[in-house]
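The block underneath contains the structure these notes are about, expressed in structure tokens.
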Amino acid sequence: MLLAEDTIALLKRRSRRFKVFFCLMPKSFAAEVAYPLPNTLFVFLHDHPHCVPSKDDMPLIEDWVTQMRNIAQTCPTYQRIMLRNQLQNLFLKIAEQLPANQIENRGFSRKEMLSWRFWELIGKHCVRHRDVKFYADALNITPFYLSQLTKAFFNDTPKGLIDRQVTLEIKALLSYSDLAIGRVADELNFVDASYLCRYFKRQTGISLSRYRKHKREEGGQD
């Protein structure tokens, strides 16, 4: 079962052997997990937050839980990377098993179509466009209406969703490239390195250099 921060699950009945294993993720970490996942998976999980594994998959789920516990208890140095990878593997396994035509044949309301289209546009254009008006214009709606949609479907503002994706793009370049900060600013269409540094600090609470140093230490780089 996948629950967003604004949803509640109410347990009405349980068996005697009922057990719960749960992962509580901060929004920033959840965004890192979601970064490479396909949009079709988000549509599916939005419609089906409660997934029932098949009997064949149960041993895999049990092994996955065992590995998650082991990582949490015995792997402090690379724990964040390992937990992120484990969660991504779980979600990608779900995505792999989705029927090929399930999403295509699903009927969407106009509001749903606009919301998921906005989500796709962010992924494609956030590197060059960080203003809400660009996306509202692309969808032929007003910024105010877009804000109503994102509040209803994503529990966030359009600007919040754009900034979250931009922050992930910055983190990816800091983590997986040796580009100088000035080059990172150029790649992501910031005026200069100083503005990029202020933007990143405002979004994450830490500096670019500190984040890059932490990721290199986490990855075992010199």
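Every number in this text was worked out from the coordinates using simple rules, so none of it is lab data. It should be emphasised that the depicted structure is a prediction, and the values quoted were computed from it without experimental measurement. Please note: Cβ atoms are built from the backbone with ideal geometry, for glycine as well, and neighbour counts cover all protein chains shown.
Can you compute the FRET efficiency between Met1 and Ala180 using 1/(1 + (r/R0)^6), with r the Cβ-Cβ distance and R0 = 41 Å? Round to the nearest 0.05.
E between Met1 and Ala180, to the nearest 0.05, is 0.40.
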### Query
Which whole-number percent gives the relative contact order of the range 110-218, counting Cα pairs below 8 Å spaced six or more residues apart?
22 percent
## Note on the structure
Taking the convex hull of the alpha-carbon atoms of the chain and averaging its shadow over every direction gives an area in square nanometres of 15.0 nm²
### Task
Run the quick spin-label model on Gln203 and Ala95: label points 7 Å from Cα toward the beta carbon, then report their separation in nm to one decimal.
2.0 nm
### Query
Per residue and in cubic angstrom, what volume does the convex hull of the Cα atoms of the range 27-96 have?
95 Å³
### Relative contact order computed over the chain (Cα-Cα under 8 Å; 6+ residues apart), in percent
17 percent
### Task
Can you pull a Stokes-Einstein diffusion coefficient for the range 110-218 at 37 °C (0.692 mPa s), Rh from Kirkwood over Cα pairs, as a whole number of µm²/s?
223 µm²/s
